[in-house]
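Structure first, commentary second.
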Amino acid sequence: KPKRNAEFYHIRRSVYEEMVSYCETALPYEGCGLLSGKGVSGETLWKMENESKRMNRFHMSAQSIKEVVEKMAEKGEELTGIFHSHPNSPPIPSAADIQNNPYHDLAYIIVSFYKDEPNVGCYKISSSGEVFPLQLNIIDK
């Protein structure tokens with residue numbers, strides 16, 4: 001039985017704020033991107049183009065992800081998280097999110113604009129589709 005990694009994900013406050021702000025600029029569409037760092041930390045934000053032209057969906061091509069992961073390696077970092085926004089729903093993975101997520105070892109972050117204030121959820125989604133909440137620790141660095 002595979003072991004789940006840590007039950008938390010650390011993110012720099014500046015990266016967290018940039019992520020929320022970037023997702024807000026994408027409204028009414030979903031914003032999306034990647035996070036890199038070491039282990040279970042998000043130290044660098046990578047804003048990605050949402051290649052889906054549909055409302056309430058996001059898509060990043062394998063090629064665009066590959067190019068960014070190479071840039072992460074040049075910085076001495078690795079892919080540690082993926083994020084996207086939910087313009088009109090809570091920060092909980094949708095059925096489509098669970099079905100389409102190939103990153104079972106990464107933090108899966110959702111920025112929701114469902115209420116007045118942005119609300120952020122962090123999860124890990126197993127290969128079998130189980131959703132485990134992760135504690136998102138915002139670090140002042």
Checklist line | Charge context of Phe113, other residues only, Cβ under 12 angstrom, K/R +1, D/E -1 | finding: -3
Next item on the list: Please say if the chain is rounded, prolate or oblate, where rounded means a/c under 1.5 for a ≥ b ≥ c the square roots of the C-alpha gyration tensor eigenvalues, and otherwise the choice is prolate for a/b larger than b/c and oblate otherwise?
Entry: rounded
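Normalising by the residue count of region 1-93, find the relative contact order in percent from Cα pairs under 8 Å and 6+ residues apart. Don't skip to the end; give the middle numbers.
Values: 136 pairs, mean separation 28.1, N = 93.
Relative contact order, region 1-93: 30 percent.
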Checklist line | CD proxy at 222 nm, helix term only [per DSSP H run n ≥ 4: -39500 (n - 2.57); per residue of the chain; nearest 500] | finding: -7000 deg cm²/dmol
Next item on the list: Please get the size of the charge dipole for region 1-122, origin at its Cα centre, with Cβ charges of +1 on Lys and Arg and -1 on Asp and Glu, quoted in debye to the nearest 20.
Entry: 320 debye
Notebook entry, point to check: Excluding Lys75 itself, what net charge comes from residues whose Cβ is under 11 Å from its Cβ, given Lys and Arg +1 and Asp and Glu -1?
Noted result: -3
Item checked: Computed accessible area, Asp105, all protein chains, 1.4 angstrom probe, square angstrom -> 120 Å²
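The values are calculated or read from the model by the stated rules, or taken from the named source; none is laboratory data. The structure displayed is predicted, hence computed values, not measured ones. Please note: Cβ atoms are built from the backbone with ideal geometry, for glycine as well, and neighbour counts cover all protein chains shown. In case anyone asks, the SASA skips ligands and DNA or RNA and just uses the protein heavy atoms, side chains included. Shrake-Rupley method; radii C 1.70, N 1.55, O 1.52, S 1.80 Å.
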